[in-house]
Amino acid sequence: MTPLLTFTMATPTPAPPAPGAGLFTSPFLLSLLIWVPAIVAVALAFIPNHRGRYDVLIKQIAFFTNLGTLFIFFIAYSQFENFLPTMQYEEKVSWLPAIGVTYHLGIDGPGLVMLLLSGIAGVASVLASLGVRERVRAYFALLLLAQASVNGAIASRDMFVLLLFWGASIVPIALLVIGWGGPRRISAAWRLVGYWGLGTGALAVGALALYAAAGGTSFDMDTLFKATISPRVQLGVSVAMIIAAATRLPLFPLHGWARDVLAESPPGVVVVVATAASRLGAFLLLRTIIGAEPAAAHLLSPLLAALAALTVGYAGLAALRTIDIRHAGAYLAMVPGGLTVLGLAAVSPLGIAGSVLGLFTGGLAAALIAGACVTLSDRAQTRSMALLGGLAPRMPNVAWLFTIAALALLGVPILASFASEVMTFFGAFKTQPIGAFAVAAGLAVCAVALAVMLGRVLFGAPNPDAPGVSDASLGESWYLGLLAGALLWVGLFPGGPKIPGTEVPLFDPGLINQMSAGISDISSPYVLPTPAPAAQ
Amino acid sequence: MGRSEPGAARFHAAVTALLFAASGMLMSWDLAELLGFWFIGGALTYLLLSHRWGVAEPAARARVALALPFLSDVCLLSGIAWLYARYGTQSLDSLLPILHTNPGWTTRSLVVASVLLFVGVAGRLALWPFSSWATQTAVTAPPAASAIVQGVWSVAGIVVLYRLTPIFVASNQRTMQALLAACGVAAVVAAVLGILGNEPRRAIALAGSAVVAIGAGVVIDGAYHHPATFGIAGVAAVLAVAPARAGALLAITTIANAMRTDDLADMGDAWRRMRASSGAVLACALVIGLAASGALADGVSSRSKIGIALGEGRAFDPDRVREPQEARGWPYWLAVAGAAFVVASLITGWLSFLDGTKHPAPSLTAVALWVAVPLIGFAACAATYLRNKDGALGASAVGGAWLARGTSLLFAGVDRFLVAPTTDIARRLGDWIPAGDGALGRFATTTGQLALGAARVPALPLVIVLAIALAVVFALVAPGVVR
Amino acid sequence: MRYAVLVPEALVVAAAMVVMVAGRFGLLPVASRRFLPLAVAAIVVLALGVELWAGATLTTYFGGAVVQDRFALFAKAAALAIAAVALATADWDAEDSLHLGLAMPLLAAFGVMVAASAADMVGLWAGLELSAAAAVVMVALRRPDLGLRLLVVGGIATSLMLVGLAFLYASTGNADLNAIRDVLANRPPTVATAIPLLLLLGGLAVRAGIAPFHVGPLPVGLGASPLGAGLVIGLVTVAAATVGLKLVAAVAPISAVYSPYAAAVAAVAMVGGGAAALAVRSPRPRMAYLAVAQLGWVAAGLATHFRSGIAASLFLLAAFGVAATCGPALLGRAEAGETAIAGLGVVRPVRAAGLALAFLSLAGAPPLAGFFGELAVAAALAQSGNFVLLGLGLLGSILCAAAAVGTLRVLYIQSPIEEARRGAAAALPAVTALSTAGAVLFCVLIAGYGVLGYPILGLADQGAEALGLR
């Protein structure tokens, strides 16, 4: 099997469970991932914290809560059956039967990938927030609420529940931006509320249209996605979903919030927003269009490809022009979203698999570049690239992490983003050649922008007029390192490391193996490229 | 790497990793795997060429070493992805046999793939017009980095190109002619550009690029005219030129550092004061000049297309310089290796060893002809210098200045008419969109102010009028009420 | 046992009367100030308990003039819950009169209960008027001028309603709601039925203060005491909406007449209310406009004119009532605008949490009560194919969410003003065991409304079914 085919998800094969699988089981595994952070957040909100007396304790609680949820997730990850195309860890409780709402949770391979991303982002965001000094209690409570809502949106199998968690993430994140952001935090927060609110509205319209078209009896995705729906409704629903996704990822031209929010937010919020919270957009496209409406997917794939190309190209050009390093980082953080959407626009098994991996790698790369820019500007005490210069010798930790972020964005091997990029392009060139070319060209523009940034900010001559700089703190190094490390880990061991000489996973079943579950089902309507036998 | 260079660990790690990546490229028959090693090599190349942290010029010049080759890398990625999308495989073993048999194949798709793959490889081979990432950094990067990068990519690139030629051949004749012409133009232009200007390391980089272009041309020509027979001669030529250009770069760097100038017009008397380095430069230049002879003799036996770099055989006039001990080391070994490969490229056994095919010996006439071409070049150069060295250097400086001016004009034009407008559009969009949604927000607030204002109007009459008017209007327009 | 169903009404009225009379004649000792609100709230909770226990009995009283069905059970339980929480959360230092402040919410709730149980138009009207009168009293306690204005506005509303009721009675020959439905089912609508019906709905809209008729009662509510504002914005509106729901169910056969009217009013209210909430900064007006916007969703539910839509409206109405009545009570004085609540999250964390949830719930933010109600209405709108109204509603909700976030920012992000600069207009609400418990109860209700959605929406659905809707 060639290296590329190890990434293709079309033919998943059972793999032996990792050591530790079966150690712990719970019928409410996904609920735990959602409600543990939420309950801790509420508890944190009411801890008496006069004059910041328990700030450190609150940070510790937040950290260990995230670590705990990551541990719970790892149990789910280890016990995940990678050859099952169906949902796993399902929880289904009738909730509002009068309108057909069920508390239905479940994940398949893509969901697992998203949850892993969210778990890593949770720990990284707390590490990135260790420097928060003001209103610590409120900050971490809101952070945990945001994470809980994102986890909920990932695990939802009911459109109503999805809508609930999707919308629920807006308020805590907006408050985090308003409360702990930079000078333009107010407009950043309004933009976030406006754009994400628009997206939530579009999602609501799409979900309700689907609900009505399916008979108005159930919001359950299992019912909605299997209902026979007219092409016109499919198209309408899909357009609404694209708007919802475009506001989240973000995609041009609905990216208005991204620059301000990613540039003005504190690093911990940047991590949450740039990773799972924004990848939810592509995840929604995967679930509701690619996985559910094949006819609309085929019809709208050129639109998706065009949006992807515009996003990547615009992000590159805008990053090239700006002199605010945080703005540049924010623009560049849009690039992975464009690539992911290109893979979805390919509507081919490989493209879809690339996009699913891209959810993970793109989220990490986006958070890494935006976070690195925020941390770097914090440490250098200026955001202006006219002042920043020659920082690499003086802040080597940030410099290396920044460089890794740049390489991850461009899809350099060893980092997992390479695999997703290759799969995306390999899948996209069959069905969307023009879009793929345009995205590739946009990626080249991004390379120029990154070259300019790296050259000027890191490797160039120091600016004697610039304020003093210091290297990243331990927390900052760790959060960026964690993001980079996750990219490296999956890049080096996409199928998970094995006990030497055996096929038994060392302790990680391998992200590629796990994400295969479900993709075959999603991509089943789409044709696989098959090589012809060699001419004799 | 010089003792004064910072970050030794970083440098050696990057070099080792680059060599690992290059080895991977040489051993990859799977295009995706090749792409992986190729991208790793590209990233490490950038890190090596921007190795001097904290200095403005290396950082500024290294930008192009990331951006320009990445553009060609993206072309390679696109080409491979294009092929995969149409053939469902990326293994050369399974791809090559089905190029013309897979359902749905078209000549057009093979043409697109060929062009993309060629551009992808040409970028890393630093063929003109993709040579600037090598020439721009030749002076500012650590010399060892520059030498290793140029040498490694020459070898890896030409081998990959050689492997990909069956795909080019499968496209059509016009494409092959176009690729060949591109190689020819790249060789001539690089060589001519090498003559212009007085920066010796840039000249060496361009000369090396020209020879690699010749090698690439021979590879393509060999596949075009004599399938699988003489193409390997191009590879052999590049194998010879790779160590030689590295050696020349190192030796010239020694001289330039000693003389503290990069301008040939300010150098001199090197043969007297820095004999070892000068000798190494001459030896390497000779190898570079002669490297293509065997290939051309083998592959293009009767066609004269290309003039070879003439700008190497210059002399130096140093005053206060002395030879460092290391000068007798690596440059000479590299020159010897290059010379050995040059000689080997004339031996059919070596070519047979390289591609496993039996090769006929080239005619002596052809060898003599192609050896004579660079020798004539050297002789012409030497004669010119002997006649009026200052005049020649002056002319070259003027040419270089004009070239620099032309290049800057070109880039200014590109910047003004392409980069500036597009980035300006992006910037304006970046401002307009927030301004637009800000305006929407203000509009919403204004609407809200209207609603607030309504609460201040005389309420009672308004309520009565509204209630009655709305009741009447809606009652009258309700379906079935007024028949 | 059959009459146990009427025990809640009796308890509420008796408590109101006793408190009112005792207060009027000075029989309440000063010390009673500490425990009286708790006692009254406990009586209301008891009434709620009895209602939930005995209210499941389906029966009629007084010759069919009063019915106990699932709709009545739902609406009465909601009104009692609203009153109990409002009494518990109120800042009694900010109220003008303890005994009237305790009695009027009880009477307003009783009005809702009467309307909810009414089987004919007279009962509906009487219940609504009783609620409205209680609000007038509360407003007049602080601002007699505004009380008078509210009385006049109420008069207009009453006039419109009476004209409508009279014509409806004249054209159908019945005041009984079921009989009206039967008559209208067999007769096509005419101008003589349509205009009075819409005048009647207009009168209800004026009472409810829904945009564009908010110009009447809303400015009045803003000048009242906290609990008075809560009554104007919340309980009276709930009473009007309860009447509206019953009336709409009765005239459902000619839904083509009132649906466009309700949809238009809903659209104006949802978008206009959201925009206005965004435009104002002071917390009480912002809350009032958020309430207007959410009331638009209730009206949108009426426009669907089928069972699930009406059930959704009822479901939302309870959530609305709790937030809109208790929100101003939680807010307390807050007459100094935003500065009054700046940093309340630090100095009064429980009350601030309640306020935050009130704002968010009225804005329809997930996962709170308002969100569930609005989504239920949205589902009904989608089923009826009214995507334009749905889109407008969602637009309004986005504006509302932005407005709510703005207030949350003031509550939690801004620093509290110094004690020395805090005048009476920005006085902090007093902290008592009851107010804390009330705020906690409010939070639990608002946050747990969705979790308990299964029984609540199920009961609302049965309520809609009880109105004869399919």
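The values are calculated or read from the model by the stated rules, or taken from the named source; none is laboratory data. What you see is a predicted model; the values in this text were computed from it and never measured. Virtual Cβ from ideal backbone geometry, glycine too; neighbours counted across all protein chains shown.
For the reader, a short list of remarks on this structure follows.
- The condition of being away from chain C (no Cβ under 14 Å), in a helix (DSSP H, G or I) and more than 18 Å from A:Y331 (Cβ to Cβ) holds for B:G413.
- Number of the condition not met by A:F73 [criteria: (1) of a type outside the set (S, T, N, Q); (2) in a helix (DSSP H, G or I); (3) over 28 Å from A:D508 (Cα atoms)]: (3)
- Only one of C:G343, C:G332, C:G337 that is away from every other protein chain (no Cβ under 12 Å), modelled with pLDDT under 90 and surrounded by fewer than 24 Cβ atoms within 10 Å (Cβ to Cβ): C:G337
- The residues listed here are A:V347, A:V341; of these, the one that is within 16 Å of A:A436 (Cα to Cα), touching a residue at least 60 places away in the same chain (Cβ under 8 Å) and under 19 Å from the mean Cα position of the chain (by Cα) is A:V341.
- All conditions but one from (1) within 10 Å of chain B (Cβ to nearest Cβ); (2) out of contact with any Ser or Thr (no Cβ under 6 Å at 6 or more places or on another chain) apply to A:F459; the one that does not is (2).
- Residue that is surrounded by the most Cβ atoms within 10 Å (Cβ to Cβ) [pool: residues in region B:395-449 that are among the aromatic types (F, W, Y) and free of Cβ contacts under 8 Å to residues at least 24 places away in the same chain]: B:W432
- Residue in region B:447-463 that is of a type in the set (S, T, Y) and either touching a Phe, Trp or Tyr at 6+ places or on another chain (Cβ under 9 Å) or within 14 Å of chain C (Cβ to nearest Cβ) (or both) present: yes
- Where a residue in region B:60-75 is facing chain A (nearest Cβ under 7 Å) and its partner, wherever it lies, is of a type in the set (V, I, T), with Cβ under 7 Å and at least six apart: B:A62/B:T137; B:R63/A:V452; B:A67/A:V448
Yes or no, residue by residue, for (1) in contact with a Ser or Thr (Cβ under 8 Å, 6 or more places away or on another chain); (2) more than 21 Å from C:G438 (Cβ to Cβ); (3) surrounded by 20 or more Cβ atoms within 10 Å (Cβ to Cβ):
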{"position": "C:H99", "(1), (2), (3)": "no, no, yes"}
{"position": "C:M138", "(1), (2), (3)": "yes, no, yes"}
{"position": "C:L146", "(1), (2), (3)": "no, yes, yes"}
{"position": "C:I156", "(1), (2), (3)": "no, yes, yes"}
{"position": "C:M161", "(1), (2), (3)": "no, yes, yes"}
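- None of C:G448, C:G463, C:G458 is more than 10 Å from chain A (Cβ to nearest Cβ), surrounded by 16 or more Cβ atoms within 10 Å (Cβ to Cβ) and at pLDDT 90 or above except C:G463.
- In region C:383-393, the residues that are crowded, with 24+ Cβ neighbours inside 10 Å and at the interface with another protein chain (Cβ under 7 Å from one of its Cβ atoms): C:L390
Conditions tested, residue by residue: (1) more than 20 Å from C:G154 (Cα to Cα); (2) more than 13 Å from chain B (Cβ to nearest Cβ); (3) free of Cβ contacts under 8 Å to residues at least 60 places away in the same chain.
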residue: C:D182; (1), (2), (3): yes, yes, yes
residue: C:A185; (1), (2), (3): yes, yes, no
residue: C:T190; (1), (2), (3): yes, no, yes
residue: C:A208; (1), (2), (3): no, no, no
residue: C:A224; (1), (2), (3): no, yes, no
residue: C:A250; (1), (2), (3): yes, yes, no
residue: C:A256; (1), (2), (3): yes, no, no
residue: C:V271; (1), (2), (3): yes, no, no
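- Within region A:289-310, at least one residue is part of a helix (DSSP H, G or I), in contact with a Phe, Trp or Tyr (Cβ under 6 Å, 6 or more places away or on another chain), touching a residue at least 12 places away in the same chain (Cβ under 8 Å) and within 14 Å of chain B (Cβ to nearest Cβ).
- Residues of region B:378-394 classified as over 27 Å from B:A291 (Cβ atoms) and in contact (Cβ under 8 Å) with a residue 60 or more places away in the chain, total: 2
- Selection within region A:413-471 - crowded, with 24+ Cβ neighbours inside 10 Å and part of a loop (DSSP other than H, G, I, E, B): A:P413, A:L415, A:Q432, A:G460
- From the list A:L415, A:L443, the one residue that fits, being among the aliphatic types (A, V, I, L, M) and either within 8 Å of another protein chain (Cβ to nearest Cβ) or under 18 Å from B:T89 (Cα atoms) (or both), is A:L443.
- Residues satisfying the stated conditions in region C:273-309, i.e. more than 15 Å from C:A262 (Cβ to Cβ), more than 10 Å from chain B (Cβ to nearest Cβ), surrounded by 24 or more Cβ atoms within 10 Å (Cβ to Cβ) and among the hydroxyl-bearing types (S, T, Y): C:S308
- Residues in region C:420-443 that are surrounded by fewer than 17 Cβ atoms within 10 Å (Cβ to Cβ) and either in contact with an Asp or Glu (Cβ under 6 Å, 6 or more places away or on another chain) or more than 26 Å from C:R33 (Cα to Cα) (or both): C:A420, C:R421, C:A425, C:A430.
Let's see how each residue does on (1) surrounded by fewer than 24 Cβ atoms within 10 Å (Cβ to Cβ); (2) farther than 26 Å from C:L362 by Cα:
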| position | (1), (2) |
| --- | --- |
| A:F160 | no, no |
| A:I170 | no, no |
| A:I186 | yes, no |
| A:F225 | yes, yes |
| A:T228 | yes, yes |
| A:P231 | yes, yes |
| A:I243 | yes, no |
| A:T275 | no, yes |
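- Among the candidates A:V504, A:V490, A:V469, residue that is more than 30 Å from the chain's Cα centre (by Cα) and farther than 30 Å from B:L99 by Cα: A:V469
- Of all residues making up region A:203-221, the number that are surrounded by fewer than 24 Cβ atoms within 10 Å (Cβ to Cβ), at the interface with another protein chain (Cβ under 8 Å from one of its Cβ atoms) and assigned to a helix (DSSP H, G or I): 3
- Region A:314-333, subset over 14 Å from A:A447 (Cα atoms) and within 11 Å of chain B (Cβ to nearest Cβ), residue surrounded by the fewest Cβ atoms within 10 Å (Cβ to Cβ): A:I323
- Helices (runs of 4 or more DSSP H) lying entirely in region B:143-251 (those with 3 or more residues that are of a type in the set (V, I, T) and either touching a strand residue (DSSP E or B) at 6+ places or on another chain (Cβ under 8 Å) or surrounded by fewer than 24 Cβ atoms within 10 Å (Cβ to Cβ) (or both)): B:143-170, B:173-195
- The set of residues in region A:347-384 being surrounded by fewer than 24 Cβ atoms within 10 Å (Cβ to Cβ) and at positive phi consists of A:Q381 alone.
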